[in-house]
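Here the structure is laid out as C-alpha cells; the discussion comes afterwards.
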Protein chains: 2
Amino acid sequence: MTTSADLRIHNLVRLLRAVHDADEPLTRAGVARLLGIGRNTAAALVGELEAAALLHEVPAGATGRGRPTTSLLPHPDGPVAIAADLREDTWTLARIEVGGRLTELASGEHDRTPAVFAEIRAATRRHAGDRLAALGVAVAGPVRHGRRLHISHLDWDDVDLAEHVGDEWPTTVDNDARLAGLAEARRGALRGAGTALHFHIDFDIGGTLLLGGDAQRGAGNIAGEFGHMPLTGSPLWCRCGVQGCWSLQVGTNALLRHVGQEAGHGRGREAGREILARAEAGDARAGRAVDDNAAALGHGLGALANALDPEVITLSGLGVELLRLRRDLIERSCAEKLMRFRRAEPPSILAGTVGEASPLRGAAELAFDTILTPAWLQARLPARPPAGASARASMTARRP
Amino acid sequence: MTTSADLRIHNLVRLLRAVHDADEPLTRAGVARLLGIGRNTAAALVGELEAAALLHEVPAGATGRGRPTTSLLPHPDGPVAIAADLREDTWTLARIEVGGRLTELASGEHDRTPAVFAEIRAATRRHAGDRLAALGVAVAGPVRHGRRLHISHLDWDDVDLAEHVGDEWPTTVDNDARLAGLAEARRGALRGAGTALHFHIDFDIGGTLLLGGDAQRGAGNIAGEFGHMPLTGSPLWCRCGVQGCWSLQVGTNALLRHVGQEAGHGRGREAGREILARAEAGDARAGRAVDDNAAALGHGLGALANALDPEVITLSGLGVELLRLRRDLIERSCAEKLMRFRRAEPPSILAGTVGEASPLRGAAELAFDTILTPAWLQARLPARPPAGASARASMTARRP
DNA sequence: GTCTTATGTTCGAGACGAGAACATAATCCT
DNA sequence: AGGATTATGTTCTCGTCTCGAACATAAGAC
C-alpha cells in the first residue's frame, strides 16, 4: 500500500466489502457516507465495480425527500462462492453471492470416508456455472496448514486434502467451529465485537478466538481446540491422546456417556437431543447429565475468559439448547472460575443468531475472504483505457 | 485511509516505524528498498521527517562500492519515551529514543502503596526535559480498561490510576507479562512470529498472546491471565478467588510452597532463586520443587498450545532458569498434553532474549506505539508551505 | 406551482508516487 | 594514476488519486 493506484484498489475493496458485509442493500449515497468519501468518488468507484461485473446499480425505492439514489446489488454476472458443510454422515452445498444471499443447492449422505470430497466436487461441478470464484468447506476437525485433516470420530487421521480437493477452483477447507464463529462475527451476534469467543458444541466442543471480526488461525491453522484443554479435571482419557480434556464433559458424547450410552464415532446426535428433551420433561437422570454438561461448560468458559478477556461469548450447536435450558447454571459456573475482580463485569454468554447453518455461512465468508482482496480485485478489474479514450464507450459489462 | 494525504502519512509512519524497529540503524537507500519505494520518494519522506525533528540524517560509513548514503538516526531534538517498571518494592525509570536505545535514568525502593506512582512521576519530571512524548509503565498485575489496577500480592485491589498517574504526559500503564512479551515480539526471540505466546514467570505466571507482533489486550485490557486457568488440577485456592489456578504450581510462590516456606505477598524472590541454586547443586528436596514447577509449566504450555497453536513460546523471568535447568522435563510435559497429531510439530519453547529488563523494554515499545501513529504524526508535522514557496528555505529544524 | 432537500455530475486543483535521465561519490581494476 | 563500475542522490515529467465547489436533477413538502 504505497502508491495512488494501491489507494484506489484499497478503496474499491473497502466499498465492495462494505456492500458484502451489510445486512440490507446499501445505496450509493449511503456507502459514500459510510466510507467517508465524496459522492463523486463513490460514483467513480461504483462505476468501476459495475464495469468489472462486481456490483449492479439499480434505482433505489424512494425513501423521502431528495433526488433518488441507486441500490448496490450483486451483479447478475458477478462472482459467487460455493460453500459446503461436511458432517459425520451428510453434506450440504450452498451458493452465496456478494451481499451474503445464500441458496441451498444440494445435499447428500456419505459413507464416512474421504471419498465424500469427490461427491462434493461432483455436486459443485454440476452447479458451478461460470461465475464460481471460490469454494469454502467446513469440516468437523482441525485442518493442519490448511491441508491435512484430522477428524478423530471418523478415524480420519492426517487426510491429505491435496489428494481430495483438486484445483478446479480456489478452495479453502477449515474447521466448522471456527467457521461458525466467523459467521457470528460477520453476520450474527458477534458483529462489532473486538474480542470474542465462539464455541460450537456438537459431539464435543470446538471454538475460535475472534479479534476484530477475524477468526484466529494460529501458526499451523489449528488454533481453537479449546475442547482439548484440561479445564475441568476429568479423569478420562480423550481420543486425542490427552487426559482430562474439557470435551470429555461437554457435548453430545459427554451427555451420552453420563447416562451410560455408548459415545463416540460420530454417532448419537439424535440420542443426545433426546436426553435434552427428557431433561426438559423432568427426567432426573437426564437432568443430571445436562447439569453436568452445563456446569462443565460454564467452568471452562470462566477459565478461558480469565485468559482471553472476551467481551462476549457465543455458542452454537448444542450450546444453544444448553443455554436455553441451563443459562443460570452456566453463568454461575462461569463466575465461579472467573477471577474475583472480573465478576462485576462478566462476559455475556449468548446464543448465536446465525442458526444451524452457521458453519456453512462461515465457509461462505471464508470463500469471499479470498475474493475481497486487493490482489484478486486487481486481477479482476478490466484494463483501464490508456488515457484520453472515451470513458463511457460501452454500457455493456464485459468480463476479461 | 482514503486520500492521498492519508497515503503520505501512512508512508511516513511506515518509514519511521521501520527505523524504530530495526536493530541496526537503517540507511536511506536501505529503507527505500525495504519499503519498496523509490529513492526519490524516500528522500522526500526522510526530508519531511527530518524537518519534523523525528529523524536525523548523517553520512553513513562507507560500506562498499557506490555513492555513500546516509544513516537514519534519532533526531537530537526528537521525541523520547520514558518507561517505568514497577515491582513489588522497587521501581526503575529509563529513557528510550527512536530506534530503541535505552538509558536507565533512576531507580528506587517503595513502600508497597500506590504512593509509588507519585515518586515515579517526580522522577519523571526531573528527567523529562522538553522532548518527552509518552510514558509507559509496567506493573505486575492486570489494568482493567487501562485504568484500574489489581495487584493481589500487594493488596492493591482496584486502584484507580486516574488518581495516581496525572495527565502531564500521555501515559499508559500495562501488565508486565504482556509488556515482556511485547518486547520479545519487537526486539527479541519472537520477532517475525505470526502467532506466539509469551509467559513471564515471577511470583506467579502471567502471559500474553502475540499476533503479528502485537500483544493482545482483550475487551477490557485484562487478557493474558493464563496463570488463572485451572490447567494442572491443583486442589489449592488461589488469592484470585478461584480454585486450582495454574499459578499455584508455577513460579516463585509455588517453589517456596513446595519446600514448606511461606509464599505470597510479593516476598521471597531471593529465596526462590536459592531453591533453584540448591537444586542445581544437587539438593533433592529443592530438586523436586523445581521438577514440580517445570512439569506443571510444561503441562500448561501443552494445553495452551492446543487452544492457541503458537509457532513459538518464549519465557522470561524465572522461566529462563527453569528452561536452563529442566528443558527436557518441560518439553516432555508439554508434549504429554499436546493432542497426538500436534506432537510431530510441537511449538518451540525458548528463553526470551531481551533479558531482565523486558517489562521495561515493553513499556518503552508501548509508549512508542502511542507515538508512531498517523494521528500523532499528522499533529507533529510542520505545516507545509502553501505551494510555490521555496522548499529549502531553512536548514534549521524547528518544532512547532 | 414553488420551495426544500438530497443526490448526481462536472470540472479544476492539489498532492502523491513512479519512472527516466542525469549527476555524484565511492570502490575496483589495470 | 586513471578509467570502469556500481550504488545512490537529484531533478523533472507524468499519470493517478481524491477533494471541493459549483451546478444540475429529481423527488417530497408546503
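The values are calculated or read from the model by the stated rules, or taken from the named source; none is laboratory data. What you see is a predicted model; the values in this text were computed from it and never measured. Neighbour counts run over all protein chains shown; Cβ positions are idealised from the backbone, glycine included. We work out accessible area using only protein heavy atoms, side chains counted, and drop any ligands, DNA or RNA first. Shrake-Rupley method; radii C 1.70, N 1.55, O 1.52, S 1.80 Å.
Miscellaneous remarks
- Amide hydrogen neighbours beyond the local backbone of A:Ile349, cut-off 5 Å, H modeled: A:Ile313
- Accessible surface, per residue, of region A:4-74 when the full set of protein chains is kept, probe 1.4 Å, Å²: 51 Å²
- Cα radius of gyration and Dmax for the protein assembly as shown (Å): 28.6, 88
- Under 5 Å, built H, 5+ apart or other chain: amide partners of B:Trp156: B:Ile151
- Annotation: peptides A:78-85, A:54-61, ranked by per-residue average of other Cβ atoms within 10 Å with the highest first, follow the order A:78-85, A:54-61.
- Remark: region A:248-261, residue by residue, has Karplus-estimated 3J(HN,Hα) of 5, 10, 10, x, 4, 4, 5, 4, 4, 4, 5, 9, x, 8 Hz, where x stands for each Gly or Pro and the curve is 6.51 cos²θ - 1.76 cosθ + 1.60 at θ = phi - 60°.
- Whole-Hz Karplus values for region A:291-296 come out as 3, 4, 4, 5, 5, 5 Hz, taken residue by residue from phi with 6.51 cos²θ - 1.76 cosθ + 1.60 and θ = phi - 60°; glycine and proline positions read x.
- Under the Karplus curve 6.51 cos²θ - 1.76 cosθ + 1.60, θ = phi - 60°, whole-Hz ³J(HN,Hα) for region A:33-48, x wherever Gly or Pro sits: 4, 4, 8, x, 10, x, 5, 5, 5, 4, 4, 5, 5, 4, x, 5
- Computed over chain A with a Gaussian network model linking Cα atoms closer than 10 Å, the most mobile of A:Gly207, A:Gly220, A:Gly64 is A:Gly64.
- Two-site label geometry, A:Ala18 and A:Ala43: point separation in nm, points 7 Å out along Cα→Cβ: 1.7 nm
- In nanometers and ordered shortest first, the copy-to-copy spacing of the B:Ala115 label point, defined 7 Å from Cα toward Cβ, is 8.0.
- Accessible surface comparison of B:Trp169, A:Trp246, probe 1.4 Å, protein chains only, largest first: the order is B:Trp169, A:Trp246.
- Enclosed volume per residue, in Å³, of the convex hull spanned by Cα atoms of chain A: 172 Å³
- Distances from A:Gln378 to itself in the other copies, using label points 7 Å out along the Cα-Cβ axis, amount to 2.6 nm in increasing order.
- Packing, taken as the mean count of other beta carbons within 10 Å per residue, orders the peptides B:261-268, A:288-295 from highest to lowest as A:288-295, B:261-268.
- Rounded to the nearest 20, the size of the Cβ-charge dipole of region B:4-76 about its Cα centre is 320 debye, with Lys and Arg at +1 and Asp and Glu at -1.
- Taking all C-alpha pairs of region B:189-351, those more than 29 Å from each other amount to 15 percent.
- The charge dipole of region B:189-351, taken about its Cα centre with unit charges on the Cβ of Lys, Arg, Asp and Glu (plus for the first two, minus for the last two), comes to roughly 140 debye.
- For chain A, size of Cβ-based charge dipole, Lys and Arg +1, Asp and Glu -1, in debye: 1440 debye
- Full-stretch length increase - B:Met1, B:Thr90 - with 0.36 nm per residue and alpha-carbon distance subtracted: 27.7 nm
- Dipole of chain A, positive end: most advanced residue of A:Val116, A:Leu315, A:Ile205 [Cβ charges, Cα centre]: A:Leu315
- Highest-first arrangement of B:170-181, A:272-283, where packing means the average Cβ count within 10 Å: B:170-181, A:272-283
- Extension gain, A:Thr373-A:Arg327: 0.36 nm per intervening residue step, less the Cα-Cα distance, totals 12.5 nm.
- For A:Gln261, label point 7 Å along C-beta direction: distances to other copies, nm: 5.6
- Amide H to amide H, with H built 1.01 Å from N, A:Val137 comes under 5 Å of A:Ala84, A:Thr172, A:Val173, A:Asp174, counting only residues 5 or more places away or on other chains.
- For region A:157-208, the Kirkwood hydrodynamic radius comes to 12.9 Å, computed from all pairs of different C-alpha atoms.
- Pairwise Cα separations in region B:4-76 fall into 10 Å bins from 0 onward with the following percentages, short to long: 20, 58, 19, 2.
- Peptide B:214-226 shows a mean partner chain C-beta count of 6 within 10 Å per residue C-beta.
- Taking all protein chains as they are arranged and a probe of 1.4 Å, the heavy atoms of B:His75 leave approximately 10 Å² accessible to solvent.
- Of interest is the spacing of the C-alpha centroids, which for region B:24-62 and region B:100-162 amounts to 35 Å.
- Mean residue ellipticity, 222 nm, helices only, chain B: the sum of -39500 (n - 2.57) across DSSP H runs of n ≥ 4, divided by residue count and rounded to 500, is -12000 deg cm²/dmol.
- Dipole of chain A, positive end: most advanced residue of A:Val80, A:Gly166, A:Ala53 [Cβ charges, Cα centre]: A:Ala53
- Number of partner chain Cβ atoms within 10 Å, mean per residue of A:1-12: 3
- Residue-span extension gain [A:Glu168 to A:Arg343] - 0.36 nm each, minus C-alpha spacing: 57.8 nm
- Legend: mean number of C-beta atoms from other chains within 10 angstrom of residue C-beta atoms, peptide B:268-274, equals 0.
- The label point for A:Ala62 and the one for A:Thr353, both projected 7 Å from the Cα toward the Cβ, are 3.2 nm apart.
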